[in-house]
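The values are calculated or read from the model by the stated rules, or taken from the named source; none is laboratory data. None of the values given here were measured: they were computed from a predicted structure. Here the Cβ is made from the backbone with ideal geometry for all residues, glycine too, and neighbour counts use every protein chain on show. All accessible areas refer to the heavy atoms of the entire protein, side chains included, with ligands and DNA or RNA removed. Shrake-Rupley method; radii C 1.70, N 1.55, O 1.52, S 1.80 Å.
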Amino acid sequence: MENNEIIKYEGGLIKRVSNAISVTNKLLALAEPQLIPYRKKDKWGFCTPDKKIVIDCVYDNASTFSEGMANVKLNGKHGFINKQGELIIDCIYDFAIAFSEKMANVELNGKCGFIDYKGKLVIDCIYDQRFTSFLGGLALVSINGNTQFINKFGEIAIENKDISNVFSDGLALIQLNNKYGFVNKENKIIIDCLFDQASSFSEGLAMVRINQKAGFINKVGKLVIDCVFDRAMSFSEGLAAIKYEQKGLWGYIDKSGKLIIDCIYDLVPRSFSSNIARVKINSKPGYINKEGIQYWED
């Protein structure tokens, strides 16, 4: 038996589970505290959930960590740091989106491309707009006015793909006679085109609009949250951002339609990811958790 090897006894057999060092590293990673972007006046750093600052507030802007890296902005340019606060990729980009599947979308001189963990440009900056990061090996981009999906080699995988026809939860959004509904992958209409507007399914629910009000349907087309909101975003981690016309501000509801976080935020807030979401209040950005705890100080 090799050194540092963990074994277990199971059904009369001795089985090697894994290397002890590997298991220890995984346990340490799990124990590592979450780092949350924290704003002090107009500078950003990172703190633990209990608001202990571990990376000083020196940046002009900061985003959440993804794949061990966080997008930060310094002197008007974007780069990436690790969880020790070390600048791994210099702040040289006009814009950047978080890492996904080991690649990050960056912008230089008005054109977008993709870099790897070392900051190497692996797909040239030739695309017109910021669309998505890689998901399932594909990224949505636009070039010369044409929208298409590319693979990680920069090759066209799906050309002229209608964004509204991307499948989510097994259904795709369609439009007939200026009304929206949903089809399955066999192109069979599953939910009739009855809605004035709709978004793709997320976590089993889709936002729909009837008579200028937003609500949510399930995958059989049943309205499970009434259309009473002025605006609404898709569900993420069990919560969806909504806006009431009378308040003109945003909050969050759960899947029963119950208001969980009060409508006190400006503009369109972000969806929750890793238990936190980026919001604005009095035109100033910051992050909150699902309990509504605010990670900033003015």
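Some notes on this structure:
- Scanning segment 253-263 for residues that are free of Cβ contacts under 8 Å to residues at least 24 places away in the same chain, open to solvent by less than 50 Å² (accessible area, probe 1.4 Å) and assigned to a strand (DSSP E or B) gives a single hit, 263.
- Qualifying strands (runs of 3 or more DSSP E) (wholly inside segment 179-237; at least 3 residues being closer than 20 Å to residue 253 by Cβ, modelled with pLDDT of 95 or more and open to solvent by less than 70 Å² (accessible area, probe 1.4 Å)): 206-210, 213-217, 223-229
- Any hit, segment 123-136, residues being modelled with pLDDT of 95 or more and not in a strand (DSSP E or B): no
- Look at (1) more than 21 Å from the chain's Cα centre (by Cα); (2) surrounded by fewer than 15 Cβ atoms within 10 Å (Cβ to Cβ) and you find that residue 102 fails only one, number (1).
- Number of positions in segment 46-63 that are within 16 Å of residue 91 (Cα to Cα) and surrounded by 20 or more Cβ atoms within 10 Å (Cβ to Cβ): 3
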